[in-house]
Every structure is written in structure tokens, then in C-alpha cells.
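Undergrad: Would you mind keeping the following structure in view while I ask a few things?
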């Protein structure tokens, strides 16, 4: 069962914001998201949290400054998702601007696994580095860091994931979630952590007089990459992350961005001059991720690192094609998963574990996310790996910390999990294929301990009804200029409407003409073929719909029920 609930709006906060000059609708939206003053809406670069409270950052800056001064070759070890790719591009571009000799290496999802492994260290040795820098990984790479130390390589770990019981013995670790780190924002993406390391390194070089005879590099020019990785990794958008995203979007809109970011938006049919958080998360991000899912993320990183506009356009077109292939693969996997769900729902399940021998390991995370959204249950989808193992990707709902749940499973059944890691909303796990049934039961039991009927009920939280004058393209533009995302949800409204007409578009999208209080509205409900009731209550977003060069208001429906 679903329930539409209106978000509580503290009137004192709403009044304070409106009194400070914030548009009345925005004041209501912000107050409902916990904003109490306009200081929390200050997205100027001077409001960025300082790097000095990040544990380990002084050691990291000194290590990198020494390497730059002594021309020691550096190798960045990236992750194969969008956060890892943007973090790698920020590292490579930023360190080169600071004067470093730097290359990068990214593991292949299908053959190398995740993170800095001993095998990857041995592969890295072929590049002849003296220092390894992990981005968006490494905090759990105890064996890989130990192998690097054994063969004489220094290591700098930059990550944002939760650590295990012990930390790797790296020369320096920068991770806001490591024990003893006082940095106020624990929600930095991997790309944000690397950006902070660069700012600290520049400050260290400045202190050493490195810029006496040359201009300091402009690191703010990398914020478009920081914004892309932050949005695509779906980290919580606290004030500091919203600031990073706002600064990056401003640079994209003004044309001051990397050629690769511009190209990714162009091949997706999005205008960089009007870029929004939605364009980063649902247009540029998936195309970049497609390289890591189906091919080699080196292709995506090259798109972000290269300054050759013609080359990056060609790469972006290739990434766009990979994304089309990914969508086709995912659609087939979803059909199979839906058939499995039909067989599984004979009893009330609290969590789902799904596996098919033919599933693509690069797409199981997306599949888990889609099934989680459909069922409002924690989901882990598995694909076959080498050596009789299954590699799983999980997504969770509020109230169920997925990484902690896997840790609890590992403690109750010490031999069951081969590897696992992640955070509250998403995690990865590797098991033996022979243990699938045992894991399924253990995971279901853990979910049953943590989740009750209230947590399993789908709640659709909206911002309430809209005044008649707020159904306008001007309001759409105002909303789209702001920064929304994980933990700072984009506005969702609700209202009651009469249905004047409805029809299917492309056999799977419901197109409607709605009426309320004498006004009529075009509306669409994507991926719904079922007819709507004649009078309905809907949860919807406002959007501009362009057709034949003309823009009109459209309601994007996300839930409907009889009024």
C-alpha cells in the first residue's frame, strides 16, 4: 500500500526565509527540507568548508607536494563508476596543473573486481609509478595496500566509503568517514574528497614558494566534474555538497566546463546552457557509467581528461551507444526479474535476493535499484563471477542500513560472505554460488529483524498542493535553477483532478488531459499502461514540454490513486 503524505513545513522557518526575500514557494519548499536561514542557501565559493578538518589531509598534501618537487611518477587507481571516473579526471587534471607527472589505471568490473587488489598493484607496476593514489576506493583495500608496501610503492588512499574494523596501512588516508575525522560533512563523494586533497596540496606548494615564478592553477575550473560525480553517486546533498553542485552547474551553464562534460550533455540532447541536476544525474551520468558497466571506464575517463573537443565528441557518441545497449540489456533483465517476483510474492517477503545465470554483472546494480523502487524492499541482484562465485549489488530502503546488515550476516555466518562493502543505501557482496539459498534466507532474516510494517509501507512525501498561479513555466524555471537531489528532494506536489481524456503513447506511457478549478493541464505518467480513474489524486512534478519549438507546462505524474 502507498500513502501520499504532505511534508511538514515549520512556519517559523518559512516566515524567516520569506521575510529575507526568498520567493514564497521556495521558502515553503526550503523550510520543509530543514532550511532555517538564507545562510544555508549561500552557495558562494567562500562558504565551502575548509579542508583543514579532514583527517590525514596534511600528510596527503605533503606526500604529493614532495612528489611534485622531486618529479616522482604518480598513478591514480580509479573506480569504474561515475564518481570514480570524475574523481580520477579531477586528480589527473588537477595534479598535472600543479606540475605532477601522473597517469591513471582503472580496474575492469568483470575481470579485476573492485578496489586496489594485490593483482591490480602488480598490474600498476608495469606503469613504473612510485606513488599510488586511490580515488573513490581504497579504504577497504587492506591486502592491496599491503602488497603496494611490499613492492616499495607509497600509497595515498582517498575515499568516502565506510571503513572496516581496521584501516589499510597507507602512507596517508583521507576519508571523512574514517575514525577520528572531524570534517563536518560526512557526505562527500569520492570526487569531492579528491578535490579537497588538491586544494590542500596547492596550499602546501604555495607555502613552499612553488608559485613564486608562475601562476597558481585554477582548481575551481574542475567543479563541473565535482558536480557530476556528486550528483551521479547519489550522496546526500547537505549544504556543502549543494554548494559544490551549484558551483559546478554555474560553470557548465556559462560554458566554463570540460569539453567532455559538454559533449556528454550534447549527445543526450541536453543544452549545457540550461543544465540542471537532473541532466547530470539522468543524462551525463548514465552515459559515463555505461563505459564501466559494459566496456572499460578508461573510455569514460578519457572523455573527461582530453582537451580535444573533436575527440571527446567521438567518445561521447560511443558512450551514448553503450548506454543504449545497457538500456536494452536492463530491459530484458527486468522482464526476467518481474517474472521471478510473480513467483516469489505468494508470501509476504521483507527482502529480495535475485539471480539468473545470464545476467550481466555490469547491470545488476541498476536492476536492484529498479526492483527496490517497485517493491519498496531491500534487493540484492546477483550475477555469475569466476571461480564458482556470485557477485551481488544491493539497494536498500530507509530504515535498513544495507552495509551494516551484511556485516550482521557475516557475523552470524562467518563463512558465508566472501567479500562485502558499501554504505546505507547501496552495497556489494560476493558469495559462493552454492551458498545462494543460505544467503537468501540469512538476508531475509536480517531484514525481518529490522523492518516492520511501517517501514515497509511506501510513503510518497509531497510538498502539498500548488496555488493556481504557481502552475506556470516561470515556476518551472525557478525550481530548475535550484539544487535538488538525495536528501534534498526535488519538489513533488499533489492535487485532485478530473480526467478529461487519456491515451497510451508508445504503448507504455499514459498521456492525460486533467482538469481542476477551471484549468486544464497536460500530464504524462511514464511506464504506466493501466488506465487512470475518472477522478484522481496525483503526486506530480512540474516540467516544461517542448514541441515544435513551443514550450508548454506539463505535469509529470509519479503516483495516482482514486480521489
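Every read-out reported here was derived from the displayed coordinates using simple, explicitly stated rules and does not represent laboratory data. Nothing here was measured: the structure is a model prediction, and the numbers come from that model. Using ideal geometry, Cβ is built from the backbone for each residue, glycine included, and neighbour counts are taken over all protein chains shown.
Undergrad: Can you say what percent of the DSSP beta bridges in the chain, counting only those with both residues inside, are antiparallel? Round to 5.
TA: If I count the DSSP bridges inside the chain, around 65 percent turn out antiparallel.
Undergrad: What is the gain in length, in nm to one decimal, between residue 150 and residue 500 on full extension, counting 0.36 nm per residue of separation less the C-alpha to C-alpha distance?
TA: Extending this stretch completely gives an extra 118.8 nm.
Undergrad: Related question: Let me check against my output: what whole-number percent is the relative contact order of region 345-458, with C-alpha pairs under 8 Å and at least 6 apart?
TA: Value for region 345-458: 26 percent.
Undergrad: Arrange the following residues from fewest to most other Cβ atoms within 10 Å of their Cβ: 375, 155. Walk me through the numbers before you get to the answer.
TA: On the way: 375 18, 155 26.
Exposure proxy ranking, most exposed first: 375, 155.
Undergrad: Report, to the nearest 10°, how far helix 285-294 tilts away from the longest principal axis of the Cα atoms in the chain, using its own Cα long axis and a range of 0 to 90°.
TA: On a 0 to 90 degree scale, this one is about 60.
Undergrad: In deg cm²/dmol, rounded to 500, what helix-only [θ] at 222 nm does the chain give when every DSSP H run of at least 4 residues adds -39500 (n - 2.57) and the total is split over its residues?
TA: -12000 deg cm²/dmol
Undergrad: Could you order peptides 530-540, 496-506 by the average number of other Cβ atoms within 10 Å of their residues, highest first? If you can, show how the numbers build up before the last one.
TA: On the way: 530-540: 16.5, 496-506: 13.2.
Top of the packing list down: 530-540, 496-506.
Undergrad: Which translational diffusion coefficient, to the nearest whole µm²/s, is obtained for region 33-82 from the Stokes-Einstein equation, given a Kirkwood hydrodynamic radius over C-alpha pairs, 25 °C and 0.890 mPa s?
TA: My calculation gives 166 µm²/s for D.
Undergrad: Okay, moving on. Kindly identify the chain as rounded, prolate or oblate by the Cα gyration tensor criterion: order the square roots of the eigenvalues as a ≥ b ≥ c, call it rounded if a/c is under 1.5, otherwise compare a/b with b/c, prolate if a/b is larger, else oblate.
TA: Details: a/c = 1.74, a/b = 1.27, b/c = 1.36.
Cα axes put the chain in the oblate bin.
Undergrad: Can you tell me the order of 87-97, 515-525, 242-252, 102-112 when each peptide is scored by its average per-residue count of other Cβ atoms within 10 angstrom, highest first?
TA: So the peptides 87-97, 515-525, 242-252, 102-112, ranked by packing, come out 87-97, 242-252, 102-112, 515-525.
Undergrad: Another question, if that's okay. Could you tell me which of rounded, prolate or oblate describes region 51-321, using a ≥ b ≥ c as the square roots of the eigenvalues of the alpha-carbon gyration tensor, with rounded for a/c under 1.5 and, failing that, prolate when a/b is larger than b/c and oblate otherwise?
TA: Because its axes are fairly even, with a/c under 1.5, region 51-321 counts as rounded.
Undergrad: Against the longest principal axis of the chain, how steep is helix 190-207, in degrees 0 to 90 to the nearest 10, with axes from Cα atoms?
TA: Taking Cα atoms only, the helix is inclined about 40 degrees.
Undergrad: How far is helix 223-232 tilted off the main Cα axis of the chain, in degrees rounded to 10, range 0 to 90?
TA: Orientation of helix 223-232: about 60 degrees from the principal axis.
Undergrad: Normalised by the residues of region 51-321, what does the relative contact order come to in percent, with Cα pairs under 8 Å and at least six apart?
TA: Details: 565 pairs, mean separation 57.6, N = 271.
Once normalised by length, the contact order is 21 percent.
Undergrad: Quick check on region 90-191: take the gyration tensor over C-alpha atoms, sort the square-rooted eigenvalues as a ≥ b ≥ c, and tell me if it's rounded (a/c under 1.5), prolate or oblate.
TA: On the way: a/c = 1.60, a/b = 1.22, b/c = 1.31.
Oblate, because a/c is 1.5 or more while a/b does not exceed b/c.
Undergrad: Additional query: In region 345-458, what is the volume of the convex hull around the alpha carbon atoms, normalised per residue and reported in Å³? Write out the running numbers ahead of the final one.
TA: Working: hull volume 11.0 nm³, N = 114.
It is 97 Å³ per residue.
Undergrad: Okay, moving on. For a footprinting-style exposure proxy, rank 41, 322 by other Cβ within 10 Å, fewest first.
TA: The fewest-first ordering by Cβ neighbours comes to 41, 322.
Undergrad: Highest first, please rank the peptides 254-264, 18-28 by the mean number of other Cβ atoms sitting within 10 Å of their residues. Working shown, then result.
TA: Details: 254-264: 21.6, 18-28: 15.9.
Result, highest mean Cβ count within 10 Å first: 254-264, 18-28.
Undergrad: Taking only C-alpha pairs under 8 Å that are 6+ residues apart, what is the relative contact order of region 460-563 in percent?
TA: The value is 25 percent.
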